[in-house]
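First up is the structure itself, then whatever we jot down about it.
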Amino acid sequence: MEEPPYLIHTNRELGLMLAGRKPLAHFSEGEGFWPDCVLRYFRMFDRHVVAGHILRVDRFRPNIWPDIKVERWHHVFFAMPGEEHRIEAMWELTNSNGPWTDEHERREGLLYGYTPEQCDWWIAQRQRVREEGKQ
């Protein structure tokens, strides 16, 4: 995959949110399996949650994949004040039935705050990788 022509959020979520460039962050892991580095990252977020600058919502859902040995998935959402609707929309998206499609990918990108053009670029890259994998 090519390097994106824009700044992606991975490992930059908090800084981008505090700079007003990202309205939502979402993390998920099997309950009780968060790596220590992620828990430390959450503590950095939590300082801003306590101050009221960022909202945090934790949600859980049962594991539906028998080959993964966890009982529940733990989802952590962080949103900027006024952007709470993105949490519910992302929760619905991640719990939608059926295969993950390019339209799911686009909706996710828009919820994270990417522009339609950035979503188009990302989806084109995903399509290219899928096509190369078929050869």
Computed lengthening from Ser28 to His53, 0.36 nm per intervening residue step minus Cα-Cα distance: 6.8 nm
When a footprinting reagent is the concern and you count Cβ atoms within 10 Å, what order do Lys69, Lys134 take, fewest first? Lys134, Lys69
Classify segment 13-130 as rounded, prolate or oblate from the Cα gyration tensor: take a ≥ b ≥ c as the square roots of its eigenvalues, call it rounded if a/c is under 1.5, otherwise prolate when a/b beats b/c and oblate if not. oblate
Fully extended contour minus Cα-Cα distance, from Glu84 to Tyr6, at 0.36 nm per residue: 25.6 nm
Test of understanding: what is the full-extension gain from Gln127 to Thr101, defined as 0.36 nm times their sequence separation minus their Cα-Cα distance? 8.3 nm
Footprinting proxy, His48, His53, His26: sorted fewest to most Cβ within 10 Å, the residues are His53, His48, His26
Fewest to most Cβ atoms within 10 Å: Ser96, Ser28 sort as Ser96, Ser28
Please give me the summed charge of the neighbours of Glu132: other residues whose Cβ is under 15 Å from its Cβ, Lys and Arg +1, Asp and Glu -1. +2
Cβ neighbours within 10 Å, averaged per peptide: list 72-78, 82-88 in order, most packed at the top. 72-78, 82-88
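No lab work stands behind these numbers, since they all come straight from the coordinates. Everything numeric here is computed off the predicted structure, so don't read it as measured data. All Cβ positions, even for glycine, are placed from backbone atoms using ideal geometry, and neighbour counts span all protein chains on display.
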